[in-house]
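Below is one structure; the comments refer to it alone.
The values are calculated or read from the model by the stated rules, or taken from the named source; none is laboratory data. Computed from a predicted structure; not experimentally measured. Glycine gets a Cβ as well: all are built from the backbone with ideal geometry, and neighbour counts include every protein chain shown.
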Amino acid sequence: MFKIFTDFADWLTYSIFGLSPDSKLGDAAHFFIEDVSKIYVLLIVMIYVIALLRASLNIEAVRDYLAGKHRGVGYLMGSAFGAITPFCSCSSIPIFLGFTSAGIPVGITMAFLITSPLINEVAILLLMSLLGWKFTLLYVVIGMSVGILGGVFLDMIKAQRWLQSFAAKALQQAQASSETPNSPQSIASLSLTDRHRFAITESMEIFARVWIWVIVGVGIGAALHGFVPEGWINANLGEGQWWSVPAAVLLGIPLYSNATGVIPVMESLITKGLPVGTALAFCMSTVAASFPEFILLKQVMQWKLLAILFVMLLIAFTIVGWIFNAFIPFI
């Protein structure tokens, strides 16, 4: 699906810029070009599509279904959608904005946002070949559980009050739209041309707010890309002490990768003697709690919500690491 972005980055990095694929600079430049181009396209396309659907479909019925007595189903659906979509943490943010603009409850949206970078089909196949289907199934169940429980908790504390003003306003307007006869969600009130114009306007407004932060966030990730001190990790965290798991989680925060790219790193760590739970906690932190992701999330969340999400993820990853270290002999 995303091979076109890889091919574009190959052409621009190695053919036009003449950088070597074996050099750190070439690797970082390729990472930057591929991720920025992918996120920009996703940002525009996904916001446009969701905005067009909002202006064409009965979004109120879907929203009310998810927000009412079926909220539990909503958390499961949000997490499941995150699991089947091949997006990294930064690429998931455009869909987060689309869900918010559609009035989907924040907890359900966060269930998607938390789960999406942790699970994708490539990571599942790699994990299955590396550690077997039992471990892979447990990983998927735990990854989705982290997303679901995170969404439930964030709804309990009314996390929507800590969205940035434009995102909170969009959420409030969408949730109040059923009381507004001329709202964008009213199919009869808009022609096809009007729906298209509405979707284009919304896409451009959101893009204008976050495009520079995509460059900043991915730029930091590109600069750190490939810097994974495997020898140091195994030498210092390989004994399986209780504190090695939270230490591995903290070590993964400054780094950045996606689930597909981090699986080979996890394989290397495990084959060199690092306990599976410790390696998994490190990789989950690298994928879903990195600095680049939080730089982008700052554009849609206030500091308080970012801090809550950050602490929640670190605690969740630490617990997951301890669980796997304790039970991997029986899997």
task = Pairs only if they're at least six apart or on different chains, beta carbon under 8 angstrom, first in region 315-328 and more than 12 Å from residue 138 (Cβ to Cβ), second surrounded by fewer than 22 Cβ atoms within 10 Å (Cβ to Cβ) and small (Gly, Ala, Ser); list them, first residue then second.
result = 325/240
message = Could you check region 275-314 and list, in sequence order, the residues that are touching a residue at least 60 places away in the same chain (Cβ under 8 Å), over 18 Å from residue 147 (Cβ atoms) and either outside any helix (DSSP H, G or I) or among the acidic types (Asp, Glu) (or both)?
response = 298, 299, 302
message = The conditions are (1) within 17 Å of residue 293 (Cβ to Cβ); (2) out of contact with any Cys (no Cβ under 7 Å at 6 or more places or on another chain); (3) modelled with pLDDT under 75; (4) assigned to a helix (DSSP H, G or I), and residue 227 fails exactly one of them. Which is it?
response = (4)
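Using the structure shown, decide if residue 207 is more than 23 Å from residue 84 (Cα to Cα), in contact with a Leu (Cβ under 8 Å, 6 or more places away or on another chain), at pLDDT below 80 and part of a helix (DSSP H, G or I). Outline the logic, then answer.
Numbers: more than 23 Å from residue 84 (Cα to Cα): yes; in contact with a Leu (Cβ under 8 Å, 6 or more places away or on another chain): yes; at pLDDT below 80: yes; part of a helix (DSSP H, G or I): yes.
When the stated conditions are applied, residue 207 passes them.
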ask   = Out of all the residues in region 1-20, which are without any contact (Cβ under 8 Å) to a residue 12 or more places away in the chain and surrounded by 11 or more Cβ atoms within 10 Å (Cβ to Cβ)?
value = 4, 7, 11, 19, 20
remark   = Filtering region 1-33 down to residues that are farther than 18 Å from residue 223 by Cα, more than 22 Å from the chain's Cα centre (by Cα) and either β-branched (Val, Ile, Thr) or in a loop (DSSP other than H, G, I, E, B) (or both) yields 16, 18
ask   = Restricting attention to region 139-182, which residues are within 30 Å of residue 275 (Cβ to Cβ) and modelled with pLDDT under 85?
value = 139
Selection status of residue 264, surrounded by fewer than 24 Cβ atoms within 10 Å (Cβ to Cβ), at pLDDT 70 or above and touching a Leu at 6+ places or on another chain (Cβ under 8 Å) = no
Single unsatisfied condition, residue 129 versus (1) among the hydroxyl-bearing types (Ser, Thr, Tyr); (2) outside any loop (DSSP other than H, G, I, E, B); (3) at pLDDT below 85; (4) closer than 30 Å to residue 305 by Cα = (4)
request  = Consider residue 191 carefully, then state whether it is loosely packed, with under 12 Cβ neighbours inside 10 Å and at pLDDT 70 or above.
outcome  = yes
inquiry  = Here's a check for you: in region 146-166, which residue that is touching a helix residue (DSSP H, G or I) at 6+ places or on another chain (Cβ under 8 Å) and among the small types (Gly, Ala, Ser) is farthest from residue 84 (Cα to Cα)?
reply    = 159
Residue among 273, 277 that alone is modelled with pLDDT of 70 or more and on the phi > 0 side of the Ramachandran plot = 273
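Just for region 103-126: of the residues that are surrounded by fewer than 24 Cβ atoms within 10 Å (Cβ to Cβ) and farther than 15 Å from residue 147 by Cα, which one is modelled with the highest pLDDT? Walk me through it before giving the result.
Pass one, region 103-126, residues surrounded by fewer than 24 Cβ atoms within 10 Å (Cβ to Cβ): 120-122, 124-126.
Retained after the next criterion (residues that are farther than 15 Å from residue 147 by Cα): 121-122, 124-126.
Details: 121: 63, 122: 56, 124: 75, 125: 66, 126: 62.
Checked region 103-126; the qualifying residue modelled with the highest pLDDT is 124.
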